[in-house]
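Below you'll find the structure, written out as structure tokens, and then a few comments.
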Amino acid sequence: MPTKAIVSEVKTLSCSNSWRNYFFLKITTEDGITGWSEYDENFGSPGVSAVIAELAHRLIGQSAFTHEHIREDLRNVTRPGSGGVVGQALGAIENALLDIKAKALDVPCHVLLGGKVRDRIRVYWSHCVSYRTRTEHFTPGITDIGGVRQIAREVGEKGFTALKTNIFHYDEQDRIEGWSPGFSRPHEPGRNVERKTRTDLRKHLQIMREEAGPDIDILLDLNFNGKTDGFVSMLREIEDLDLFWVELDTLDPKALAYIRSKSRHPIASCETLIGLQQFLPFFREQAVDVAIIDTPWNGVWQSLKIAAAAEAHEVNVASHNFYGHLCTMMNAHFSAVVPNMRIMEIDIDRIAWDSEIFTHEPEIRDGYLVLPDRPGWGTEPIEAALAKHPPLPTLGMPKRVSIPRLSL
């Protein structure tokens, strides 16, 4: 073995992504090998960096080759608070240790994970329309139906074969606005699905189909933006449309199984779950057609165990991936080795400096990501470039929206 890969330093870094922040973990060994991972504090997860800092001392002096031992040690000392941001911190640590191990052996990470079963991974253009409604960050911005039509055509023109979109309301002038009460936009704690939401959803999907054409697969993400009756009502509204899958989130596996029983479309879910134990009830209840795994949250090594359990239940998996290029490459190595992979998420609309802060960008040809054979994950952040874009002072969380004042 050319090195013992003994951990000597654990460091977190962050930079602005214009409308949120990127977060990275850098672990360095005594002999100068650096392992990187990307994690997130934007998607309902403030505090992951603080957890990593609290656990860092337990890594010092340990060999990255024993990443499973290290993770179990960290899981044991955090067991009463397992999951959530604690689970995500463990996932970030595991992923950085895997990068070290692969670099020490001078192999790409997919070799450590069992070896690739495919050289390229089909991807879908995620947040299609959604990101461009953030007109101050993405160009061209989308404010109305004309922009919706334009981006739907662009998907095929750029060689992609699938897109995923979200829920939008249209006003009388066909201006659009996203509808996501599950994320407090707007603040509607009941998450009730009214007639306008259903009819506008149908209108939006029909526009996307008209412009994208018959050969583009359309995926719909409903997120947490409903409860059981609301999800069923939306599925009923769009049951005759041609969709690749409908993605939605609920933490009750029996509720999801009921929703799936009422759907004519395949159901994808589970992207916010952490650990095999949380996934198993959804498999046992036959609640999903596709289980979405967030490998930055879970750790790629642990995600392989989840994918194997899904395979045993005749369920395919997909990669949850709406972060930076390092997360994309971590997901790509996972997707390349998992036999029961369905498709991989990727964001195509990017901020201006994404290409500056990573050593390599993902290579996408004809709607497929081509897996690199560079050691480790195949890309890493450039620290000097990160420093040029200081993180936003909001801990990565979205700005507070207006909440109706309650009378006391």
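Nothing in this text is a laboratory measurement; each read-out follows from the coordinates by a stated rule. All of these numbers come straight from a predicted model, not from anything done at the bench. Here the Cβ is made from the backbone with ideal geometry for all residues, glycine too, and neighbour counts use every protein chain on show.
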- Message: Yes or no: the range 14-22 includes at least one residue that is under 26 Å from the mean Cα position of the chain (by Cα) and under 14 Å from Ala89 (Cβ atoms).
- Response: no
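So which residues in the range 364-381 are in a strand (DSSP E or B) and either out of contact with any helix residue (DSSP H, G or I) (no Cβ under 7 Å at 6 or more places or on another chain) or over 21 Å from Ser14 (Cα atoms) (or both), if there are any at all?
Ile364, Arg365, Tyr368, Leu369, Val370
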- Task: Kindly indicate the residue of the range 321-363 that is more than 17 Å from the chain's Cα centre (by Cα) and not in a loop (DSSP other than H, G, I, E, B) and also nearest to Cys109 (Cα to Cα) among those meeting that condition.
- Result: Val337
- From the set of residues in the range 1-42 that are of a type in the set (Lys, Arg) and in a loop (DSSP other than H, G, I, E, B), which is farthest from Ala96 (Cα to Cα)? Arg20
- For Ala310, all conditions in the list (1) closer than 21 Å to Gly83 by Cβ; (2) touching a residue at least 40 places away in the same chain (Cβ under 8 Å); (3) crowded, with 23+ Cβ neighbours inside 10 Å hold save one; what is the number of the exception? (2)
- Note on the structure: Scanning the range 362-390 for residues that are among the β-branched types (Val, Ile, Thr) and surrounded by fewer than 18 Cβ atoms within 10 Å (Cβ to Cβ), the one farthest from Arg342 (Cα to Cα) turns out to be Ile382
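Hey, can you tell me all the residues within the range 1-26 that are basic (Lys, Arg) and over 25 Å from Ile60 (Cβ atoms)?
The initial filter retains those residues of the range 1-26 that are basic (Lys, Arg), namely 4, 11, 20, 26.
Listed by number, the list holds a single entry, Arg20.
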- Message: Any residue at all in the range 129-141 that's under 27 Å from Thr328 (Cα atoms) and of a type in the set (Lys, Arg)?
- Response: yes
- Task: Having 2 or more residues that are under 30 Å from Glu210 (Cβ atoms) is the bar; report the helices (runs of 4 or more DSSP H) wholly within the range 65-178 that clear it.
- Result: 145-157
- Task: Can you tell me which residue among Pro108, Pro46 is within 28 Å of Phe138 (Cα to Cα), touching a residue at least 60 places away in the same chain (Cβ under 8 Å) and not small (Gly, Ala, Ser)?
- Result: Pro46
